[in-house]
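*Asks:* Here's a structure for you.
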Amino acid sequence: MAKRFMSFILDPNRDLTDRTFLLMSTITYIVLGVIFIWDIIIGETALKLAFLGGALVIMAIFMLIAVTRKLVQPIATLICVIMIFILLPVEFFTGGAVNGCTPIWYAYSFMYAGVNLKGRKRIALILAIPVSAIICYWLAYKYPYLVTVHDPTTGYLDSIASLIGVGIMLYFIVTFLIRIFLKENEIAKSQKEEIEELNKSQSRFFSSMSHEIRTPINTIIGLNEITLRDEEISQDVAENSLNIQSASKMLLTTINDILDMSKIESGKMEIVPVEYDVGNMLSEIVNMIWARCREKGLEFHIDVDRNMPRRLFGDEIRIKQILINILNNAIKYTDKGSVTLQVQCTNTESRERVRLNCFVEDTGIGIKKENIPHLFEAFRRVDLEQNRQVEGTGLGLSIVKQLVDLMGGEISVNSIYTKGSTFMITLEQGVVDSTSLGELGLSTRHTLNAREHYRVSFEAPKGKVLIVDDNEANLMVEAKLLKDTKISIDTADSGRECLERTRTTAYHCIFMDHLMPGMDGIECLRAIRSQPGGLNRETPVIVLTANAGMENMELYKKSGFDGYLLKPVTGPMLETTLVKQLPKDLVHLTDAEFVSSTGEEGLFRGHSGKRAILVTTESVCDLPRITTEKLSIPVISYRIYTEEGDFLDGAEVEADGIIDYMKEGSRKVSAREPSVSEYEEFFAKQLTQAQQLIHVTISSQVGHGYENACEAARAFDNVTVYDSMQVSGALGLIVLQANRLAANEKTVERVIDHLNKMRERTRSIVITKSADRLAAAGYISPQLRGLSRAFLMHPVMSVRRGRYRPVRFYLGNLERAWERFLRRELASFPEMEDKLAIVNFVGLSYEQQQKIEKLIRTHAQFKTLVFQKSSPAVSAHCGPLSFGLMYTMKK
């Protein structure tokens with residue numbers, strides 16, 4: 001019996017609550033039995049002994065029923081009800097009330113009910129315990145004659161026995177629970193490790209499978225392409241070759257589906273947007289799908305919005321995968337009738353983005369309403385009885401759904417059972433070329449009963465190429481695919497042979513396989529780059545591999561390869577790569593319609609012609625124009641208003657002109673930030689050069705520049721407006737840092753995170769000759785202006801929390817005030833960054849600039865000290881003979 005009991009409570013396959021109930025009930029039973037014997041010894045009343053003995057008998061019966069009939073929860077509930085509403089109240093009144101042991105057992109009942117019950121029953125009975133106790137206490141207080149009074153000795157003995165018994169029970173129960181939880185934690189940890197190892201093994205298997213299948217398919221597709229190039233083959237042979245080509249591509253699609261599902265499940269799937277030609281993408285899709293429709297005797301229709309942009313920015317490979325999967329699915333489940341692809345384009349709130357709407361309609365069997373919620377589940381085949389003859393893995397639509405989600409799009413389906421289905425996909429894409437697509441002639445592109453004749457895209461008889469691959473069939477295929485280019489081709493079947501050739505022959509391009517015995521492609525590349533006396537240390541090396549996936553692409557990029565070609569390769573893929581890599585004087589283009597292909601075979605070129613992140617700013621950053629032009633930092637100008645008219649800051653008027661104008665009496669000069677529409681026009685222009693903009697503005701506490709820029713940015717999805725909380729040269733320091741970060745960081749968020757840290761360390765402090773211009777701009781009060789005039793005081797302004805604030809005034813001679821100002825400000829130089837400081841000035845002579853530089857050099861040793869005229873806008877606010885010092889503090 002004891003063995004059966006231990007096996008029950010230690011069995012991990014049994015419910016933890018059931019095991020805990022048996023343990024607690026058994027320990028409680030034993031302790032109550034000991035207390036029963038103890039009560040006999042100390043002479044408890046016969047009524048209490050009879051009651052306690054009866055409780056022991058009833059509890060033994062309940063425990064036996066719970067274990068043998070598997071009624072743990074009902075019995076546990078019944079025991080708790082009896083304990084709370086019968087046993088404890090009776091024990092309370094027969095055992096001396098508050099002078100007995102019952103309060104201890106009431107406390108124990110909380111744990112008993114809390115551990116052994118579930119759900120609402122647990123909550124209800126836990127709430128019932130204090131209610132029962134309060135009622136008992138109130139009755140004992142109100143009607144003392146209901147309580148059986150113990151003599152002090154019996155009461156103390158009874159209480160200490162219960163205290164020790166309950167304490168022992170709690171010890172054993174908590175110890176057991178801790179042991180169980182630790183064991184369960186070990187099991188969970190072990191299972192997690194097993195699952196992680198299983199996922200890794202699965203990923204390795206799928207990756208290996210993809211590699212092993214792509215290698216022979218490379219030979220099949222390559223030799224098949226060479227056959228199709230032969231214009232003398234018969235129509236039957238050509239048609240068979242076209243079918244081989246179509247079947248090979250479908251097989252690759254299936255392989256990619258399995259590999260993609262593995263990536264999605266492991267969280268390694270990435271979306272990689274590139275610039276792509278809409279017409280070329282749709283033509284590739286049509287050419288793949290039309291043959292399958294023809295095989296099943298289906299009509300294939302395509303309807304494309306002729307006004308949609310010609311070139312878009314998005315993940316072309318994944319979009320093709322989504323559409324091909326859905327079209328294949330439509331063909332699978334359609335026995336007669338037609339399949340239709342409709343592509344439309346609608347505008348979004350941003351001028352640089354459009355909404356790509358794709359519809360795939362079929363006249364197939366349709367989908368039952370109750371099956372639609374399960375349509376996108378992996379390995380799920382709906383309506384199996386109806387579709388038992390349909391082949392497939394059940395992965396296609398699941399991958400489609402997850403890819404659409406990764407791209408931030410939407411997918412939905414309308415279907416009438418037995419009538420057909422319509423899938424709707426919506427994806428936002430960037431606009432690269434808004435020229436209308438126009439008439440593509442798709443109706444002739446998908447007529448595959450006549451094969452297209454091969455035309456070599458270029459000739460390079462003086463060019464030399466080396467192909468390195470341990471598979472002889474691959475070497476043969478790739479050499480034959482390039483034969484018509486007249487380029488000189490050498491081959492090597494190992495890394496060692498490759499190094500022997502690169503030592504004696506200079507090549508213009510090298511195609512390198514990755515996985516080779518002995519020395520792999522990455523090791524071989526490193527050896528070529530460091531080869532003593534080697535003739536190819538600077539030669540472009542393109543990895544030619546069967547290892548698919550972004551993680552491999554990143555590996556090759558980090559390893560130093562100049563490009564990436566995924567097997568199976570085709571002639572156009574190889575030719576496209578060579579045209580980009582060969583010296584221009586060696587290449588003679590023979591096909592005027594040749595267009596470089598884009599897609600998974602593309603080089604590491606990213607978004608051609610566009611920077612990932614472009615930093616822009618405003619003319620009040622007070623950076624030299626030569627600097628902003630050299631660093632390609634576009635600047636939007638403030639507007640200067642004078643009595644003679646308004647002018648663009650820095651473009652139509654310079655600081656010297658404004659200073660001379662202000663010296664002519666009390667002429668009014670003011671500066672205004674660009675309007676919302678001006679910001680919108682500026683952002684739209686800059687987005688033609690970049691995927692994302694970070695616009696760094698003057699402090700939001702100075703004017704309305706930040707506010708206007710934010711309002712304008714709402715019209716664009718890829719413009720981030722950053723509040724520098726600074727002015728003048730300090731703003732310029734932040735702009736320079738932002739530009740450096742944008743060149744290295746991958747995301748806008750990371751750039752902003754770094755800028756936030758720098759912003760807290762940037763300092764800007766200015767001394768002016770008088771308070772007149774500051775008061776006119778609203779930075780100091782008229783009262784301070786009056787005092788400044790009366791006592792010939794020179795205000796010192798500092799930027800705090802983004803706002804210009806006066807911090808002190810210096811009396812007397814201006815140049816003496818400059819000296820005191822710099823001595824005080826530079827006293828904390830050890831805490832400053834010594835790389836760069838900027839001095840912005842208004843109306844200082846060369847001699848005055850020299851004097852200020854000497855004063856700064858006396859107190860601080862900045863490695864670079866830049867003197868820069870303030871912009872006309874800043875000059876209008878500070879007035880002549882003013883200068884400011886901008887720097888950053890150490891971290």
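The values are calculated or read from the model by the stated rules, or taken from the named source; none is laboratory data. Predicted, not measured: the structure shown is a model, and the values here were computed from it. Cβ: placed from backbone, ideal geometry, glycine included. Neighbour counts: every protein chain shown. Side chains included, ligands, DNA and RNA excluded: accessible areas come from the protein's heavy atoms. Shrake-Rupley method; radii C 1.70, N 1.55, O 1.52, S 1.80 Å.
*Asks:* Work out the charge dipole of segment 469-544 with +1 on the Cβ of Lys and Arg and -1 on the Cβ of Asp and Glu about the Cα centre, then indicate which of 512, 534, 498 is farthest towards its positive end.
*Replies:* Farthest towards the positive end: 534.
*Asks:* Express as a percent, rounded to the nearest 5, the fraction of DSSP beta bridges in segment 771-872 (both residues included) that run antiparallel.
*Replies:* Details: 8 of 14 bridges.
Antiparallel bridges: around 55 percent, rounded to the nearest 5.
*Asks:* Can you give the FRET efficiency for residue 585 and residue 483, using 1/(1 + (r/R0)^6), R0 = 22 Å, r = Cβ-Cβ distance, to the nearest 0.05?
*Replies:* Details: r = 22 Å, r/R0 = 1.00.
Rounded to the nearest 0.05, the efficiency is 0.50.
*Asks:* Also: Give me the percent of the accessible area of segment 460-505 that comes from carbon and sulfur atoms, probe 1.4 Å, all protein chains in place. Mind showing how you got there, number by number?
*Replies:* Working: 920 of 2170 Å².
The value for segment 460-505 is 42 percent carbon and sulfur by accessible area.
*Asks:* In addition: Highest mean first, how do 735-741, 848-854 rank when packing is the count of other Cβ atoms within 10 Å averaged over residues?
*Replies:* Values: 735-741: 22.0, 848-854: 14.4.
Order by mean packing, descending: 735-741, 848-854.
*Asks:* At a 1.4 Å probe, what is the % contribution of carbon and sulfur to the accessible area of segment 748-877? Present the calculation step by step, with values, prior to reporting the outcome.
*Replies:* Details: 3270 of 6640 Å².
Answer for segment 748-877 is 49 percent, counting heavy atoms of protein chains only.
*Asks:* If you don't mind, there's one more thing I want to ask. Charges at C-beta only: +1 for Lys and Arg, -1 for Asp and Glu. How large is the resulting dipole of segment 788-838 about its Cα centre, in Debye rounded to 20? Working shown, then result.
*Replies:* Working: 11 positive and 6 negative charges, 79 e Å.
With only Lys, Arg, Asp and Glu charged at Cβ, the dipole is about 380 debye.
*Asks:* Further question: With a 1.4 Å probe and all protein chains left in place, how much accessible area per residue does segment 761-891 have, in Å²? Could you put the intermediate results ahead of the total?
*Replies:* Numbers: 6270 Å² over 131 residues.
Dividing the accessible area of segment 761-891 by its residue count gives 48 Å².
*Asks:* Quick one: which of 118/142; 118/200; 48/142 span more than 28 angstrom between C-alpha atoms?
*Replies:* Numbers: 118/142 36 Å; 118/200 38 Å; 48/142 22 Å.
Too far apart for the 28 Å limit: 118/142; 118/200.
*Asks:* Between segment 140-167 and segment 358-376, what is the C-alpha centre distance in whole Å?
*Replies:* A separation of 74 Å, based on Cα centres.
*Asks:* If you don't mind, there's one more thing I want to ask. How many percent of the accessible area of segment 21-90 is carbon or sulfur, using a 1.4 Å probe?
*Replies:* Values: 2790 of 3330 Å².
Answer for segment 21-90 is 84 percent, counting heavy atoms of protein chains only.
*Asks:* Note the direction-averaged projected area, equal to a quarter of the hull surface, for the Cα convex hull of segment 35-139, in nm². Please report the intermediate quantities before stating the final value.
*Replies:* Numbers: hull surface 26.8 nm².
So the Cα hull casts an average projection of 6.7 nm².
*Asks:* If one computes P(r) from the Cα atoms of segment 68-124, what percent of pairs lie at distances over 16 Å?
*Replies:* Details: 735 of 1596 pairs.
Cα-Cα pairs of segment 68-124 separated by over 16 Å account for 46 percent.
*Asks:* Now a separate question. Can you give me the Kirkwood hydrodynamic radius for segment 787-882, using every pair of distinct Cα atoms, in Å to one decimal?
*Replies:* Values: mean 1/r = 0.0688 Å⁻¹.
After inverting the mean inverse Cα-Cα distance, the result is 14.5 Å.
*Asks:* Per-residue counts of other Cβ atoms within 10 Å, averaged by peptide: what ranking do you get for 336-346, 184-194, highest first?
*Replies:* By packing density, highest mean first, the sequence is 336-346, 184-194.
*Asks:* Here is a follow-up. Please state the Cα pair-distance histogram of segment 698-811 with 10 angstrom bins from zero: what percent is in each bin?
*Replies:* Bins of 10 Å from zero give 13, 36, 28, 15, 7, 1 percent of pairs.
*Asks:* Rolling a 1.4 Å sphere over the protein heavy atoms, what is the accessible area per residue of segment 98-197, to the nearest Å²? Before the final figure, lay out the partial values.
*Replies:* Numbers: 6400 Å² over 100 residues.
About 64 Å² of surface per residue is accessible.
*Asks:* Treat every Asp and Glu Cβ in segment 275-327 as -1 and every Lys and Arg Cβ as +1, leave all other atoms uncharged, and give the resulting dipole magnitude about the Cα centre to the nearest 20 debye.
*Replies:* Dipole size: approximately 100 debye.
*Asks:* With +1 on each Lys and Arg Cβ and -1 on each Asp and Glu Cβ, and nothing else charged, work out how big the dipole of segment 283-373 is about its Cα centre, in Debye to the nearest 20.
*Replies:* Values: 15 positive and 13 negative charges, 18 e Å.
Roughly 80 debye for segment 283-373.
*Asks:* Also: What distance in nm lies between label points placed 7 Å from Cα along the C-beta direction at residue 851 and residue 506?
*Replies:* Spacing of the two 7 Å Cα→Cβ label points: 6.2 nm.
*Asks:* Too long at a 22 Å Cα-Cα cut-off: which of 483/580; 192/401; 332/368; 70/189; 464/584? It would help to have the intermediate numbers written out before the result.
*Replies:* Details: 483/580 18 Å; 192/401 27 Å; 332/368 16 Å; 70/189 30 Å; 464/584 13 Å.
Going by Cα-Cα distance, 192/401; 70/189 fall outside the 22 Å limit.
*Asks:* Here's a follow-up. Per-residue counts of other Cβ atoms within 10 Å, averaged by peptide: what ranking do you get for 320-329, 798-807, highest first?
*Replies:* Details: 320-329: 22.3, 798-807: 15.6.
Result, highest mean first: 320-329, 798-807.
*Asks:* Still on this model: Rolling a 1.4 angstrom probe over the protein heavy atoms, how many square angstrom per residue are accessible across segment 34-73?
*Replies:* Per-residue value: 58 Å².
*Asks:* While we're looking at this one, here's another question. Between residue 301 and residue 558, how high is the FRET efficiency from 1/(1 + (r/R0)^6) when r is the Cβ-Cβ distance and R₀ = 51 Å? Nearest 0.05.
*Replies:* Numbers: r = 45 Å, r/R0 = 0.89.
For R0 = 51 Å, the calculated efficiency reads 0.65.
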